[in-house]
1. If you add up the charges near Lys148, with Lys and Arg at +1 and Asp and Glu at -1, over every other residue whose beta carbon is less than 11 angstrom from its beta carbon, what do you get?
2. Neighbouring Cβ atoms within 10 Å as the yardstick, rank Leu49, Leu84 fewest first.
3. With the crude spin-label approximation of a point 7 Å out along Cα→Cβ, what separation in nm comes out for Thr89 versus Lys161?
4. Once the convex hull of the alpha carbons of segment 32-163 is built, what does its volume come to per residue, in cubic angstrom?
5. Modelled label-to-label distance, Asn68 and Val80, 7 Å Cα→beta-carbon offset: nm?
6. Using the number of other C-beta atoms within 10 angstrom as an exposure proxy, rank Thr60, Thr79, Thr89 with the fewest first.
7. Sorted from fewest to most neighbouring beta carbons within 10 Å, what does the list Glu100, Glu57 look like?
8. Excluding Ser138 itself, calculate the net charge of residues whose Cβ lies under 14 Å from the Cβ of Ser138, where each Lys or Arg counts +1 and each Asp or Glu counts -1.
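Please treat every number below as a calculation from the coordinates, not as lab data. All figures in this text were calculated on a predicted structure; none of them were measured in a lab. Glycine also receives a Cβ, built like all others from the backbone with ideal geometry; neighbour counts cover every protein chain displayed.
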Amino acid sequence: MRNTHKVLFAAVAFLLFFPFEFQARESGESDAFFKISVRVSGDPGITNLVKSFIGRELRTVKDVRVTNNGPDWVFHVITVAVKLKEGVTTGYGISAIILEPFKSDVLTPLLDKRHIDRGHRLTADLYSVKKHMINIGSKEDIRNICAKMVADLDKEFLEIKRKK
């Protein structure tokens, strides 16, 4: 009797959830997403703020996951305080580089089987610089600067990859 309940529950669950899974696949929806790493360094007065704003903006993009594990893109940002001769901070400079890691799997068919692992290790830290952005603004401008940089990444790179 107990096994009958389990089988009945499994059958009902299958019938309830199968149409949704089938519908999602037919409509072209995908579980694919872009993995993006965010690295921010520089002026301690705004580094955490910039990282937070960029992370928030990236999380609003539906198919983006912020991670440091095997990223498809790296958003590398350096912040600098713009100061007068007297040491008074008047604003901030934000330099951001969008990097695409080298995909070492393209080497696999070209390398002798004995050297595949070594080839992957040697190319693990290679990146292609896709865009460099420099912005200057006040502390109040940082949120808008970060939003614009993320919008540029989405428009100029992710949107193109989505269409492929």
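1. Its environment carries a net charge of -2.
2. Working: Leu49 17, Leu84 8.
The fewest-first ordering by Cβ neighbours comes to Leu84, Leu49.
3. Result: 3.2 nm between the two label points.
4. In segment 32-163, the Cα hull volume divided by residue count equals 122 Å³.
5. 2.5 nm
6. Thr60, Thr89, Thr79
7. The order, fewest Cβ neighbours first, is Glu100, Glu57.
8. On the way: positive: Lys83, Lys139, Arg143; negative: Asp43, Glu140, Asp141.
Cβ neighbours under 14 Å give a net charge of 0.
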